[in-house]
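The values are calculated or read from the model by the stated rules, or taken from the named source; none is laboratory data. These numbers were taken from a predicted model, which means no experiment stands behind them. Here the Cβ positions follow ideal geometry from the backbone for every residue, glycine too, while neighbour counts run over all protein chains shown. All accessible areas refer to the heavy atoms of the entire protein, side chains included, with ligands and DNA or RNA removed. Shrake-Rupley method; radii C 1.70, N 1.55, O 1.52, S 1.80 Å.
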Amino acid sequence: MAANLPRSPKYKQAQAYYRGVLANERRIRCLEAEIERQQSRLALNGVEGGESVNRTMEGDALERGYVRLYDYCDALDTELAHYVDEREEAIRTLGNLIDGDMVEIIYLRYFEGLRFPAIHKLLTVDGRPMSERRMYSLHEQALCRLWRFIPAEFRQRKTVQ
């Protein structure tokens, strides 16, 4: 990776924005995994989703399990509502790139979470010529172009000339 090159403030700010989008995706996956774990624990204890647990005593493990499960579901709903809006806004910014390779690189990196070696492998499938250096260059150019389209709170104009 071309990590030794100096990065412009625009590049760094756009990269931070898109990394935030990727971080939200990972948080959602963690919440979904935790919900699945709680559901399987409750199923192992003999209660499948949809069955009534009204006859359980207050403080019963199953009741606490369902309360915890509902708390996780509420947290997921809250995160999802914010994430969906942010993701849609971030995807819309990609429409400002005219180079299809740039769009693909940014999408695969920040929306699919792929690392650069995997992206390069996908970009060179079917004999498509793309050097690693070119891929990194397109990544940097794309982020610099996208900078003006990211939300204002991620752009610190005073540091960008």
Residues (touching a helix residue (DSSP H, G or I) at 6+ places or on another chain (Cβ under 7 Å), open to solvent by 70 Å² or more (accessible area, probe 1.4 Å) and more than 23 Å from residue 21 (Cα to Cα)) located in segment 112-134:
132
Collect the residues in segment 57-103 that are of a type in the set (Asp, Glu), without any contact (Cβ under 8 Å) to a residue 24 or more places away in the chain and not in a helix (DSSP H, G or I), keeping them in residue-number order.
58, 60
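Return a yes/no flag: does segment 83-93 have any residue that is modelled with pLDDT under 85 and of a type outside the set (Lys, Arg).
Start the filter on segment 83-93 by keeping residues that are modelled with pLDDT under 85, which leaves 83-84.
Pick out the ones that are also of a type outside the set (Lys, Arg) and you get 83-84.
Yes, segment 83-93 has at least one match.
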Given (1) modelled with pLDDT of 90 or more; (2) over 18 Å from the mean Cα position of the chain (by Cα), where does residue 65 come up short, assuming only one miss?
(1)
Scanning segment 135-161 for residues that are touching a Phe, Trp or Tyr at 6+ places or on another chain (Cβ under 8 Å) and not in a helix (DSSP H, G or I), which turns out surrounded by the most Cβ atoms within 10 Å (Cβ to Cβ)?
150
